[in-house]
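Peer 1: Let me begin by handing over the structure; questions about it come next.
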Amino acid sequence: MVSGRLGAAPEVAYLDDGTPAVTFSLAVDRPVKNGDRWESASDWFEFRAAGSLAKTIGEYANKGDELIVQGRLAHRSWTGRDQQVRHAVYVKVD
């Protein structure tokens, strides 16, 4: 479960079979000690959802909105134009 703020509007696309899919990123704040005082830093996480949940997120969520999201870690890999294999970890939203 992750709580954070949307860094940009969610991006909705449609799969080949017409199923809506959405990707979005959340900034999750964490405390960081700077000398003798505490400050806030942000970690960014990527999320993906499909189906009716993706449609709802795309319609109602806007940049800056705070979301609480539940999901599981997932991994994807692909080969770039330079023929290097790339990897990414994201949260698949439940």
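The values are calculated or read from the model by the stated rules, or taken from the named source; none is laboratory data. Everything quoted here is computed from the prediction, not taken from an experiment. As a convention, Cβ positions derive from the backbone with ideal geometry for all residues, glycine included, and neighbour counts pool all protein chains shown. With ligands, DNA and RNA removed, areas are computed over all heavy atoms of the protein, side chains included. Shrake-Rupley method; radii C 1.70, N 1.55, O 1.52, S 1.80 Å.
Peer 1: Show me the strands (runs of 3 or more DSSP E) entirely contained within segment 18-88 in which 3 or more residues are surrounded by 10 or more Cβ atoms within 10 Å (Cβ to Cβ) and of a type in the set (Val, Ile, Thr).
Peer 2: 20-34
Peer 1: Taking interchain pairs and intrachain pairs at least six residues apart, which have beta carbon atoms under 7 angstrom, with the first residue in segment 41-56 and at positive phi and the second surrounded by 13 or more Cβ atoms within 10 Å (Cβ to Cβ)?
Peer 2: Matching pairs, first to second residue: GLY51/THR19; GLY51/PRO20.
Peer 1: Does ARG5 satisfy being open to solvent by 60 Å² or more (accessible area, probe 1.4 Å), touching a residue at least 60 places away in the same chain (Cβ under 8 Å) and either of a type outside the set (A, V, I, L, M, F, W, C) or assigned to a strand (DSSP E or B) (or both)?
Peer 2: Considered against the rule, which asks whether it is open to solvent by 60 Å² or more (accessible area, probe 1.4 Å), touching a residue at least 60 places away in the same chain (Cβ under 8 Å) and either of a type outside the set (A, V, I, L, M, F, W, C) or assigned to a strand (DSSP E or B) (or both), ARG5 comes out as yes.
Peer 1: Being among the aliphatic types (A, V, I, L, M) and free of Cβ contacts under 8 Å to residues at least 12 places away in the same chain is the filter here, so list the residues in segment 59-94 that pass it.
Peer 2: Answer for segment 59-94, where residues must be among the aliphatic types (A, V, I, L, M) and free of Cβ contacts under 8 Å to residues at least 12 places away in the same chain: just VAL85.
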